[in-house]
1. Are there any pairs with C-beta distances below 8 angstrom linking a residue in region 62-82 that is farther than 12 Å from residue 110 by Cα to a residue that is among the aromatic types (Phe, Trp, Tyr), with the two at least 6 apart or on different chains, and if so which?
2. Take region 62-97 and flag every residue that is surrounded by 16 or more Cβ atoms within 10 Å (Cβ to Cβ) and part of a strand (DSSP E or B).
3. Which condition from (1) surrounded by 15 or more Cβ atoms within 10 Å (Cβ to Cβ); (2) modelled with pLDDT of 90 or more is the one that residue 56 breaks?
Amino acid sequence: MLNHIRLMFAALFMGLFLVACGNDSAEQEAMEDTETAAPTEMASEEMAEEEAPAAEQADSGSIIGMTEEEVIAKMGEPDLTQTRTLDALSMTHHEWHGEDSITAVQFQDGVAKFTQNIPVE
């Protein structure tokens, strides 16, 4: 019985060793392919009609600390809105899609805490 346990531990150790030292180049190549792939175009008529030119010119530094209502008044209605609540914390994510960039703003309890401007290639 002791020999069986010893063999199982040796097999487990060898398996973990092979996994840890394995070649994950296929995984890395897949990540590189997704980063270098051309972005897909959104062919939605709604997106073309609702593009907000103010979103392209918005200064993300001046948005932090503003309320949701102030940001919406400044940038227009967002193209995407997501809301999450965790215990007493309420988080809202808004996105404005422009011709050459996407502006994302995260609100915590109604106040802007994080902004990101993502250029579209």
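1. Partner pairs satisfying both residue conditions: 75/96; 76/96; 78/96; 79/96.
2. Answer for region 62-97, where residues must be surrounded by 16 or more Cβ atoms within 10 Å (Cβ to Cβ) and part of a strand (DSSP E or B): 92, 94, 95, 96, 97.
3. The number of the failed condition is (2).
The values are calculated or read from the model by the stated rules, or taken from the named source; none is laboratory data. Remember, predicted model here, so these are calculated numbers, not experimental data. As a convention, Cβ positions derive from the backbone with ideal geometry for all residues, glycine included, and neighbour counts pool all protein chains shown.
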